[in-house]
Amino acid sequence: MFTGIVEEVGRVARAERARGDLRLRIDATRVTDDLAVGDSVAVSGCCLTVVAHDADGFEVEATDETLRATAPRWHEGARVNLERAVRADGRFGGHVVSGHVEGVGTVTERTDVEGAVVVRIEAPPALAPWFVPKGSVTVDGVSLTTVDVGGPYGTDPAASAASFSLWLIPHTLEVTTLGDLAIGDRVNLEADLLARYAARAAALATPGTERTR
């Protein structure tokens, strides 16, 4: 489990096929502290398992399904947001993040305003029900608050229901990869886990709905 608070930005130093998977070497310094083989690290929002590590970085393996279902971050030179799994006694500064990418969105707008960068993202239609104004969303592993949301009951009914905007402050732009975003870029998305559990429970509690084991 993660919080969406990025610990550092790493860089993919090597990407090569090994036993059918893509084995990645990621250069990093902070997240390697107390890292062990078998630990989970969120790499731009995708939970991956550490298979090797040293003081200067770590290695993970990505299956073809991971490559298919995530944004194209898996090449040499790519900058990636990194977060170790949260400790039970640690501060919980973001929101509950599983590290399971649910869809890939596309940046459709980027506007510089005083004190922030405003980005609009178009998500896959299936994710639309989980976006609400001032709700939580994970974008490339970063816990963020949605501002304007399109569609019914959103703040911008004329926009697509699967679109939302973000206001990124200078600190976020500096300590994550989101400052690099440009129109047309693709990003990993994970909707609010607690909202999805609540909606599922409400649907199953509807009269006439039978529960199955």
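How big is the gap, in Å, between the Cα center of the stretch 1-70 and the Cα center of the stretch 142-178?
Answer, in whole Å: 26.
Please state the charge dipole magnitude for the chain, taken about the Cα centre, from unit charges on C-beta atoms (+1 on K and R, -1 on D and E), reported in debye and rounded to the nearest 20.
Computed charge dipole of the chain: roughly 620 debye.
Using Cα atoms only, what is the angle between the long axis of helix 193-204 and the major principal axis of the chain, expressed in degrees (0 to 90) to the nearest 10?
40 degrees
Please compute the Kirkwood hydrodynamic radius of the chain from all pairs of different C-alpha atoms, in Å with one decimal.
18.0 Å
Values quoted throughout were computed directly from the atomic coordinates according to the rules given, and no laboratory measurement underlies them. Keep in mind it's a predicted model, so treat the numbers as computed, not measured. Ideal geometry is used to build each Cβ from the backbone, glycine not excepted, and the neighbour counts take in all protein chains shown.
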